[in-house]
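Student: My questions all concern the structure below.
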Amino acid sequence: MLAIQKIRDEHRSISAVLHGLKQLARDAQDARVKPGFEALRAMIRYIDEYPERLHHPKEDEHLFSRVEARAPQARALVAALKAEHVEGARLVRDLERALVFFEEGWPAGAREFLAAVDAYAEFHWQHMRKEENELMPLAEKVLTPEDWRAIDTAFDVNQDPIAGIRERDFEALFTKIVNLAPAPVGFGERWRKAGA
Ligand SMILES: [Fe+2]
Ligand SMILES: [Fe+2]
C-alpha cells in the first residue's frame, strides 16, 4: 500500500528534522556560541509547512474519511487526530514566536526556545505514534481494495502536479537544512564562539 508507506516515510522526514532541531536547540544554550539562525529558521519552516500543507491534508481528506466511513468505532480516534492537526498548527506558532524572540534578543530567549521545541516535538511524536499504532492497523483491517486504490491514487504525487511541485520544494528545503545544520545534525559549518 503506497499511501501507508508514504505516510510512514513522511513521518520519518518530520522526525529527522525534529531530532535535529532538539539537538541544535540544546547546543544553542551556550551563550558564548552564536547559533546559526538560518538553519533554525529553515527547520521550523519545514516542520510548520510540510505537515500543514502536504501531510495532514492528505491524511484528513483521503485516509481518515474512508476509515471513518468503514469503521464507525473509529470516529473518536479520527476526531482526536483531526483536532491534533489543528492544535499542532497553534503550537508551531508558539515555536515561531520563541525563535523570533531568541534571534532578536540573543543570548536571551534560549531557554524559552528550547522549551517550545521540546513541547512541539513531544506533541508531534505522540501524534505520529497514535497514527502508526492505532489508525493505520485499523485502516489495514477495514479498508477494501477499492478504498486503497483510490487512496493510493490520491497519494501518488505523479498524478497531482501541484502536490508534485510542493513535494520537490520540501525536498529542496530538507537538503538546505542538511547543508546548513552543523554536525552531528548536518554538514554545515560549526557554530563559533562570538568574536572567535
Ligand atoms: Fe497527522
Ligand atoms: Fe501523520
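The values are calculated or read from the model by the stated rules, or taken from the named source; none is laboratory data. This structure is a prediction, so every number in the text was calculated from the model and none was measured. When we count neighbours, we look across all protein chains shown, and the Cβ atoms used for this are built from the backbone with ideal geometry, even at glycine. Heavy atoms of the whole protein, side chains included, go into the accessibility calculation; ligands, DNA and RNA do not. Shrake-Rupley method; radii C 1.70, N 1.55, O 1.52, S 1.80 Å.
Student: What residue, of GLU104, GLU61, GLU49, GLU131, is surrounded by fewer than 15 Cβ atoms within 10 Å (Cβ to Cβ) and within 16 Å of ligand 2 (Cβ to nearest atom)?
Tutor: Answer to the selection: GLU61.
Condition check ((1) hydrophobic (A, V, I, L, M, F, W, C); (2) farther than 23 Å from GLU52 by Cα; (3) in contact (Cβ under 8 Å) with a residue 60 or more places away in the chain) across all residues:
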| residue | (1), (2), (3) |
| --- | --- |
| ALA83 | yes, no, no |
| LEU95 | yes, no, no |
| VAL100 | yes, no, no |
| GLU104 | no, yes, no |
| HIS124 | no, no, yes |
| MET136 | yes, no, yes |
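Student: Given the structure, is PHE37 aromatic (Phe, Trp, Tyr), farther than 20 Å from ASN133 by Cβ and open to solvent by 80 Å² or more (accessible area, probe 1.4 Å)?
Tutor: no
Student: Then there is this: Can you name the number of the only condition in (1) within 16 Å of ligand 1 (Cβ to nearest atom); (2) without any contact (Cβ under 8 Å) to a residue 24 or more places away in the chain; (3) of a type in the set (Val, Ile, Thr); (4) buried (at least 17 other Cβ atoms within 10 Å of the Cβ) that VAL157 fails?
Tutor: (1)
Student: Sticking with this structure for a sec: What helices (runs of 4 or more DSSP H), lying completely within the stretch 85-196, carry at least 3 residues that are at pLDDT below 95?
Tutor: In the stretch 85-196, the matching helices (runs of 4 or more DSSP H) lie at 145-155, 161-180.
Student: Another question, if that's okay. Out of (1) within 12 Å of ligand 1 (Cβ to nearest atom); (2) in contact (Cβ under 8 Å) with a residue 24 or more places away in the chain; (3) within 15 Å of PHE155 (Cβ to Cβ); (4) open to solvent by 20 Å² or more (accessible area, probe 1.4 Å), the odd one out for LEU2 is which?
Tutor: (1)
Student: Hey, another quick one. Going residue by residue through the stretch 73-86, is there one that turns out to be β-branched (Val, Ile, Thr) and open to solvent by 60 Å² or more (accessible area, probe 1.4 Å)?
Tutor: Checked the stretch 73-86: at least one residue is β-branched (Val, Ile, Thr) and open to solvent by 60 Å² or more (accessible area, probe 1.4 Å).
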